[in-house]
Amino acid sequence: MVRVDGVDAPETLIQVRNLDKRYQRGSEEIHVLQGLNLDVTPGEFVAFMGPSGSGKTTLLNLLGGLDVPTSGSITVAGDELTRMSAAKLTRWRARHVGFIFQMYNLLPVLTAFGNVELPLLLTKLNRAQRRRQVETALALVGLADRMDHYPRQLSGGQEQRVAIARAIVADPSFLLCDEPTGDLDRASAEEILDLLTALAKEHGKTILMVTHDPRAAARADHILHLDKGVLVETAGEGARP
C-alpha cells in the first residue's frame, strides 16, 4: 500500500526518502520538493494531482532517473538511483521504466511497429524475438491490425495506444504517465484510462500518473496531492478496493 509517512512498507517496489529538489533561478532558490517520502508496492496505480508548478512532473522525472535530487534517496527494487553513474542510470532506465507522455512522442517516419520496437533495439534480443514482443504489446493495446500504419494514419487515441505499447514492450518494472489523456477527447481519454486500469488490475503493472483530471485520478488505487513540495494522500474510490 502507498505510504507517504516514511515508515517502511512491506514488499516495497519504489522507496523515496527525504527527497529534496531545488533549482537556482538567478539569485532566487526555488524549493520544488521538500523532504518527500513515498513507498509504492508492486501492482499499485497511483495518481498525483496538484496545481501547476507544484512539482508533479519534477517528481516523475526524478523517479524515472531523468533528473537527480538535491538530496535524499530513491530506491527501486533494491537499486538506489541516487548512487548510480550517468551511464549506469541510462541502462537502468531502459530496463525498468516505461514512459507515457501527453504528446505521444512518436517518430513520424516509423510505423507503429517501428516505434514500439525502438526500446528493444537497446537490448540483446534478436530480430525474431523483438518482433514477437512488439506484436504482443500491440495486441495488448488493441492495435494488432495497425502495426504497419504511420502516426499520421492514426487517431490521437490510437497514437497514445502505440505510445503505451512502446512503454510496456520491454516489460518494465513500472510506468510513469505524465498527463496521458491531456491531449485527447473524452471518449478517447476513457479508452486510454480503461487500458491503464487493465494493465494494473489484470497484468500487475505498477503505474504512477500525473493528471489534472479528477475523473482520470479516480481510476487509481491512491490519489496523492502535491502542493508546495509536500505529498498528502486523500481519500478516493479508485479503480479497485
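The values are calculated or read from the model by the stated rules, or taken from the named source; none is laboratory data. Model, not experiment: these values are computed from the prediction. Neighbour counts run over all protein chains shown; Cβ positions are idealised from the backbone, glycine included.
List of remarks:
- Among the residues of the range 37-56, those that are surrounded by 20 or more Cβ atoms within 10 Å (Cβ to Cβ) and not in a loop (DSSP other than H, G, I, E, B) comprise L38, D39, V40, F45, V46, A47, F48, M49, K56.
Residue-by-condition table, conditions (1) without any contact (Cβ under 8 Å) to a residue 12 or more places away in the chain; (2) in contact with a Lys or Arg (Cβ under 6 Å, 6 or more places away or on another chain); (3) exposed (fewer than 13 other Cβ atoms within 10 Å of the Cβ); (4) under 20 Å from I192 (Cβ atoms):
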{"site": "S85", "(1), (2), (3), (4)": "yes, no, yes, no"}
{"site": "K88", "(1), (2), (3), (4)": "yes, no, no, no"}
{"site": "A94", "(1), (2), (3), (4)": "no, no, no, no"}
{"site": "F174", "(1), (2), (3), (4)": "no, no, no, yes"}
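- So V32, is it assigned to a loop (DSSP other than H, G, I, E, B), surrounded by 14 or more Cβ atoms within 10 Å (Cβ to Cβ) and either hydrophobic (A, V, I, L, M, F, W, C) or modelled with pLDDT under 90 (or both): no
- Those residues of the range 124-141 which are assigned to a loop (DSSP other than H, G, I, E, B) and either free of Cβ contacts under 8 Å to residues at least 12 places away in the same chain or surrounded by fewer than 14 Cβ atoms within 10 Å (Cβ to Cβ) (or both), in sequence order: K124, L125, N126
- Any hit, the range 16-39, residues being of a type in the set (S, T, N, Q) and free of Cβ contacts under 8 Å to residues at least 12 places away in the same chain: yes
- Any chance Q24 is outside any helix (DSSP H, G or I), surrounded by 16 or more Cβ atoms within 10 Å (Cβ to Cβ) and polar (S, T, N, Q): no
- Tabulated pairs, the range 41-57, first within 25 Å of T197 (Cβ to Cβ), second buried (at least 21 other Cβ atoms within 10 Å of the Cβ) and aromatic (F, W, Y), C-beta under 6 angstrom, 6+ apart or interchain: K56/F48
- Every residue from the range 57-79 that is closer than 27 Å to K201 by Cα and not in a loop (DSSP other than H, G, I, E, B): T57, T58, L59, L60, N61, L62, L63, I74, T75, V76, D79
- Among the residues of the range 96-105, those identified as surrounded by 15 or more Cβ atoms within 10 Å (Cβ to Cβ), of a type outside the set (S, T, N, Q) and out of contact with any Cys (no Cβ under 6 Å at 6 or more places or on another chain) are H96, V97, G98, F99, F101, Y104.
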